[in-house]
Each structure stands twice: as structure tokens, then as C-alpha cells.
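A quick write-up on the structure given underneath.
The values are calculated or read from the model by the stated rules, or taken from the named source; none is laboratory data. What you see is a predicted model; the values in this text were computed from it and never measured. Neighbour counts are summed over all protein chains in view; Cβ atoms, including those assigned to glycine, are modelled from backbone coordinates with ideal geometry. Accessible surface areas use protein heavy atoms only, side chains included; no ligands, DNA or RNA. Shrake-Rupley method; radii C 1.70, N 1.55, O 1.52, S 1.80 Å.
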Amino acid sequence: MTKHINLNDSDIMTAKDAAYCWGKAPDYVRSALRSNPDRFPAGSVRTFTRQILVTREGMEAVTGHKQVKELPNK
């Protein structure tokens, strides 16, 4: 049975968007993933070619705090 994932879920975001929401540098997620991938809970981050998707749970685990700002409307 295939599990369907809602990619419109606001808890799933690009690494760049996540870094913005947590007040970090744009390459923060990529650097954290490269230097210490075990900090991300299982299933909270995924790389697709050059694009990284990360969940809210993953960012909270890596940064140690909740989201600090919202993305501007696109």
C-alpha cells in the first residue's frame, strides 16, 4: 500500500524557506545535514537531486526552537 504525502502541508518546506522561517542563513539546512545528519529525526529531511525538503519537526530538532517567522505570501 502506498502512503500519500500532502506536499501542500505547511509542515513540509524547502531548506531555503525553512532557514528563512527559523532566522538562519539560506544554506543552514544543507550545512547541518552535511555536518551532522543524525540531528534530524528519521523521515524529517529528504534530498531530491539538489533540492532539500525538511519538516517542521526536523527544523525544531536541529535548531532547538520553534519557528520564529512566517514566509511572506508568494
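Annotations for the structure displayed:
- For first residues located in the stretch 42-66 and within 14 Å of residue 7 (Cα to Cα), partners that are open to solvent by 70 Å² or more (accessible area, probe 1.4 Å) and lie 6+ apart or on another chain with Cβ distances below 7 Å form the pairs 44/57; 52/30; 53/46.
- Cβ separations smaller than 8 Å between residues 6+ apart or across chains give the following pairs from the stretch 4-19 residues that are polar (S, T, N, Q) to residues that are open to solvent by 50 Å² or more (accessible area, probe 1.4 Å): 10/56; 14/51.
- Test: residue in the stretch 22-36 that is surrounded by 10 or more Cβ atoms within 10 Å (Cβ to Cβ), at pLDDT 95 or above and touching an Asp or Glu at 6+ places or on another chain (Cβ under 8 Å): no
- Scanning the stretch 50-67 for residues that are open to solvent by 30 Å² or more (accessible area, probe 1.4 Å) and either in contact with a Leu (Cβ under 8 Å, 6 or more places away or on another chain) or closer than 13 Å to residue 37 by Cα (or both) yields one hit, 61.
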